[in-house]
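These notes are about the structure you will find just below.
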Amino acid sequence: MLGAVLLLLALAKPVCLSPESMVSRRAEALKRLLEVFGIEDPPPPPSHFKQPPQYMVDLFNTVANADGVTKNPDILEGNTVRSFLDKTHGEKMRFFFILSSVAKNEKILTAELHLFRLWPRATNGPKRHHLCQVSIYQVLGKNQPDVPGGKKLLAARLVSLQDSGWEVFAITQAVRDWVEDESSNQGLLVTVQGPGGSPLDPPPLQFASGEDHHESKKPMLVLFTDDGRRGASLPMTGFPGGSCLPPALLPWLTGPRSTRSLDRIQPCQRHPLSVDFEEIGWSGWIISPRGYNAYHCKGSCPFPLGENMRPTNHATVQSIINALKLSEGVSSPCCVPDKLYSINLLYFDDDENVVLKQYDDMVAGSCGCH
């Protein structure tokens, strides 16, 4: 996170650089910032206005505040949630999802099929059933002739015929198979039967299809995954990101010495650091948030260190050694983050699927002398 802060600061106008150097530095900073977010190239904005699935918007609002900062790190399973819309284009009980955007290193934790149950059809005769059995099958390829019927049961349950709404089915193993071998993905088949498994013709229950119904009711596959990316440990003394910066960086981060000399730096404290996604050209593919406050730590850690500076024992000893000049080359402690928070991004990927991803160590929660 702290390296990212320096990159964000680099997007500001540096001192005494030619226009060509400024453009080059900005491009390099944006490239490095994309790496922090685990993205090689910025995804193109959707080809037309596209409303993200309400489920993904609601999940983002549950996990994060308006600035994207995580409310509770234990809400999400893993650090990535991916949503995929059905690609069968109108087939009533067949569903197919393209999973090419799932990286091989992503661990599939849970996979859910979300289907919107429509109001039951009106019938002239008396209603014979209040419930029906919905079964979800994985369609198998020709390379598995030993499986009868060419399909494997993934989930089944009794569903009410009295109302409408979302039904969620766990299909984790099927998705793991598909990600492992893309050619094995032949889609899903859904059947509707009577409570005892008896056939019903016509089926009294239907689910919204991808073509005939509103965008908010389209069939959707939701994956909870973990890409293995975790935040680094908190910085040690001398790590760039606090007051202890390499001398070459000090002039353009702190301003000319004549106007902001080191002996006039305020005590260690947290300062705002706004990250505006529109300003850096990312608003076309990021849905939420529009930006966030990363904060940064700045200030001096003078002897003696008070409790308000949240010093570690090591920093206290280092401060004493520095003040008494008991050893050459020992600097004063550095003002660095001692608490870091994660943020969440809701965005469109290269295939216009909506992704919710959580990034560790992106916001300085508080500062201290280390």
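The values are calculated or read from the model by the stated rules, or taken from the named source; none is laboratory data. Note that the coordinates shown come from a computational prediction; the quantities given were computed from them, not determined experimentally. Reconstructed Cβ throughout: ideal geometry from the backbone, glycine too, with neighbour counts over all protein chains shown. Each accessible area value is taken on the protein alone, full model and side chains, heavy atoms only, with ligands, DNA and RNA left out. Shrake-Rupley method; radii C 1.70, N 1.55, O 1.52, S 1.80 Å.
Here His48 fulfils each of the conditions (1) of a type outside the set (A, V, I, L, M); (2) surrounded by fewer than 12 Cβ atoms within 10 Å (Cβ to Cβ); (3) touching a strand residue (DSSP E or B) at 6+ places or on another chain (Cβ under 8 Å) apart from (3). All of (1) hydroxyl-bearing (Ser, Thr, Tyr); (2) open to solvent by less than 30 Å² (accessible area, probe 1.4 Å); (3) in a strand (DSSP E or B) hold for Ser319 with one exception: (3). Kindly evaluate Arg270 against the criterion of being among the basic types (Lys, Arg), over 23 Å from the mean Cα position of the chain (by Cα) and at pLDDT below 80. Here the answer is no, as Arg270 does not meet what is asked. Among the numbered conditions (1) under 37 Å from the mean Cα position of the chain (by Cα); (2) at pLDDT 75 or above, the only one that His130 does not meet is (1). Any residue at all in region 348-360 that's more than 30 Å from Lys87 (Cβ to Cβ) and part of a strand (DSSP E or B)? Yes. Against the conditions (1) at pLDDT below 90; (2) open to solvent by 30 Å² or more (accessible area, probe 1.4 Å), Met309 satisfies every one except (2). Filtering region 71-78 for residues that are touching a residue at least 60 places away in the same chain (Cβ under 8 Å) and charged (D, E, K, R) leaves a non-empty set.
Tallying residues that are farther than 20 Å from Leu345 by Cα and either open to solvent by 50 Å² or more (accessible area, probe 1.4 Å) or part of a loop (DSSP other than H, G, I, E, B) (or both) within region 286-298 yields 1.
Scanning region 27-43 for residues that are within 18 Å of the chain's Cα centre (by Cα) and either open to solvent by less than 60 Å² (accessible area, probe 1.4 Å) or within 14 Å of Val355 (Cα to Cα) (or both) yields a total of 8. Do we find a residue being crowded, with 17+ Cβ neighbours inside 10 Å, touching a Leu at 6+ places or on another chain (Cβ under 7 Å) and either β-branched (Val, Ile, Thr) or modelled with pLDDT under 80 (or both) anywhere in region 329-336? Taking every residue of region 329-336 in turn, none turns out to be crowded, with 17+ Cβ neighbours inside 10 Å, touching a Leu at 6+ places or on another chain (Cβ under 7 Å) and either β-branched (Val, Ile, Thr) or modelled with pLDDT under 80 (or both). Criterion applied to Gly197, Gly242, Gly255 was being modelled with pLDDT under 90, open to solvent by less than 40 Å² (accessible area, probe 1.4 Å), closer than 30 Å to Arg94 by Cα and of a type in the set (Gly, Ala, Ser), and the one residue passing it is Gly197.
Taken together, the criteria place Ile98 among residues that are under 30 Å from Ala156 (Cβ atoms), open to solvent by 60 Å² or more (accessible area, probe 1.4 Å) and of a type outside the set (Phe, Trp, Tyr). Screening Ser327, Ser283 for residues that are in contact with a Phe, Trp or Tyr (Cβ under 7 Å, 6 or more places away or on another chain), of a type outside the set (A, V, I, L, M, F, W, C) and part of a loop (DSSP other than H, G, I, E, B) leaves exactly one candidate, Ser283.
When Ser216 is tested against the conditions (1) among the polar types (S, T, N, Q); (2) farther than 20 Å from Ser135 by Cβ; (3) at pLDDT 95 or above, the lone failure is (3). Are any of the residues in region 299-309 within 30 Å of Asp58 (Cα to Cα), part of a strand (DSSP E or B) and among the small types (Gly, Ala, Ser)? Scanning region 299-309, I find no residue that is within 30 Å of Asp58 (Cα to Cα), part of a strand (DSSP E or B) and among the small types (Gly, Ala, Ser), so the answer is no.
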